[in-house]
Amino acid sequence: MFQPILVPEPAAIAGWLIALALFVILEAATVSLVSIWFAVGALAGLITSLFTGNLLYQLLAFALVSAAALAATKPLVSRMRSRRPAAALGLERNIGRRAVVVQPVRPGLSGRVRLDGVDWSAVCPSPLEAGDECVVTAVDSTTLRVEPARQPAPETPSHL
């Protein structure tokens, strides 16, 4: 039937060690559980190479253990990812943050606000004066939609 493909033990060990290292480096570079299962499979191939020089058995151990590791951990990873709220990406991360008006904003006319040391074009349905604080409600290309920041209620003196 099949002729065994025999690999000398030192070559097999070196090959599986290289494969293991490459899969671990790839996983460290991506940090998204792309190749960790193959690293576990490469470890199984390495262990199998210590007992047999038959490459077919080593590859079979690699494939079976990789598939088993994937099957065992994929549902867990999927559940963990679904629980974590999606991170705001790009400009959307500015929504909800406070900015300071540097050039007055009038309804229908854009002004300028400063957010994290960067000046942005801004629009607001109500007037804002220089120095006012505002909250970013949306981002349209390079223009921030803002609203006046709610100021805390002034404290009343306790002796009244």
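Listed by first and then second residue, the pairs with beta-carbon distance under 6 Å, at least 6 apart or on different chains, first residue in segment 17-44 and closer than 13 Å to SER66 by Cα, second outside any helix (DSSP H, G or I), are PHE23/SER35.
Report yes if TRP37 is within 27 Å of the chain's Cα centre (by Cα), of a type in the set (Phe, Trp, Tyr), over 30 Å from VAL139 (Cα atoms) and not in a strand (DSSP E or B), otherwise no. For TRP37, the condition - within 27 Å of the chain's Cα centre (by Cα), of a type in the set (Phe, Trp, Tyr), over 30 Å from VAL139 (Cα atoms) and not in a strand (DSSP E or B) - is met. Within segment 102-119, at least one residue is touching a strand residue (DSSP E or B) at 6+ places or on another chain (Cβ under 9 Å), surrounded by fewer than 15 Cβ atoms within 10 Å (Cβ to Cβ) and among the basic types (Lys, Arg). Restricting attention to segment 1-34 and to residues that are outside any helix (DSSP H, G or I) and aliphatic (A, V, I, L, M), the residue that is surrounded by the fewest Cβ atoms within 10 Å (Cβ to Cβ) turns out to be MET1. Inspect all residues belonging to segment 46-56 and state whether any of them is outside any helix (DSSP H, G or I), among the hydroxyl-bearing types (Ser, Thr, Tyr), over 30 Å from the mean Cα position of the chain (by Cα) and more than 24 Å from VAL77 (Cβ to Cβ). Yes: segment 46-56 contains one or more residues that are outside any helix (DSSP H, G or I), among the hydroxyl-bearing types (Ser, Thr, Tyr), over 30 Å from the mean Cα position of the chain (by Cα) and more than 24 Å from VAL77 (Cβ to Cβ). When GLU129 is tested against (1) in contact (Cβ under 8 Å) with a residue 24 or more places away in the chain; (2) buried (at least 17 other Cβ atoms within 10 Å of the Cβ), only condition (2) is not met.
Note on segment 15-34: residues that are of a type in the set (Gly, Ala, Ser) and under 13 Å from PHE62 (Cβ atoms) total 2.
Every number here is computed from the coordinates shown, using simple stated rules; none is lab data. Quantities reported herein were computed from a predicted structural model and do not represent experimental measurements. Virtual Cβ from ideal backbone geometry, glycine too; neighbours counted across all protein chains shown.
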